[in-house]
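Here the structure is laid out as structure tokens; the discussion comes afterwards.
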Amino acid sequence: MTVLVMSNTEIQEIPPWIKRSSRLHRLVLKGCKELLSLPQLPSSLSEIDAENCESLERLDCSFLNQKIALNFPNCFKLNKEARDVIIQTSAYKVKILPGKEMPNYFNYQANGDSLVIKLNERPSPSTIIGKACILLVSKEEVQASKEKITLDHWIKQNSINVPCSRSLHNLFPALTEHLYIFAFEADVTSDELCLKFGVEGDEWMIKECGVHYLNTS
């Protein structure tokens, strides 16, 4: 795997030749505090780590690899267009970006760690496919660590818990007022589903959750 590490440098932009790097799989930009934008990137890219890119505002690109991991912790200056690109890209792997409220992209939303989805029709046994998002915050009375924590989620239908595929996710780094977005699938037989989310430990809580329902198959 080809990796390009440019961490902790004073670059303001990525060289344009990078889009021709067809063997590049991982781009590490941690701590590039002067970086303002990202150009079009090669479709071979499977991970971007832009943690603590404090000045990053624009993403002048789309992500062609639908299985890409997008990590933008503490990138608080991302503009709306950049945030939309990150949020709407496929969530095969967990995506991280700052956020204080649930984006409108998630058409089912609720405060707390659970929400109800009502389907238009009662499905025959089928698979529901969607993207989920949680807004993670630390509890005021404790000092939350930035270590990895585990997220679990499941669906309750007809009073029975139904596991989702890839039901366990590692959230790293764990940061308050950040959005964590991931894909899920589950077999359903009911037209009303309750999605539940949980994180380990006493330091964290899920302030809001949301789902972008894609389809059933």
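The values are calculated or read from the model by the stated rules, or taken from the named source; none is laboratory data. Nothing here was measured: the structure is a model prediction, and the numbers come from that model. Methodologically, a virtual Cβ is constructed for each residue, glycine included, from the backbone with ideal geometry; neighbour enumeration extends over all protein chains shown.
A few comments on the model shown:
Quick grid of which residues meet (1) more than 17 Å from the chain's Cα centre (by Cα); (2) farther than 29 Å from V137 by Cα:
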| site | (1), (2) |
| --- | --- |
| M6 | yes, yes |
| I11 | yes, yes |
| W17 | yes, yes |
| L35 | yes, no |
| P39 | yes, yes |
| E57 | yes, no |
| C75 | no, no |
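- Tabulated pairs, the range 104-122, first assigned by TED's automatic domain parsing to the domain that holds C209 and more than 26 Å from K80 (Cβ to Cβ), second aliphatic (A, V, I, L, M) and at pLDDT 95 or above, C-beta under 6 angstrom, 6+ apart or interchain: D113/I206
- Applying the condition of being farther than 18 Å from T2 by Cα and touching a residue at least 24 places away in the same chain (Cβ under 8 Å) to the range 22-50 and asking which residue is surrounded by the fewest Cβ atoms within 10 Å (Cβ to Cβ) yields E34.
- Just one of the listed residues (I11, I48, I86) is among the β-branched types (V, I, T) and assigned to a loop (DSSP other than H, G, I, E, B), and it is I11.
- Restricted to the range 157-205, and to residues there that are acidic (D, E) and out of contact with any Leu (no Cβ under 6 Å at 6 or more places or on another chain), the residue that is nearest to N71 (Cα to Cα) is E177.
- The condition (being within 24 Å of L168 (Cβ to Cβ) and modelled with pLDDT under 95) is satisfied by just one residue among K19, K67: K67.
- Take the conditions (1) free of Cβ contacts under 8 Å to residues at least 12 places away in the same chain; (2) of a type outside the set (D, E, K, R); (3) touching an Asp or Glu at 6+ places or on another chain (Cβ under 9 Å); W17 misses just one of them, which is (3).
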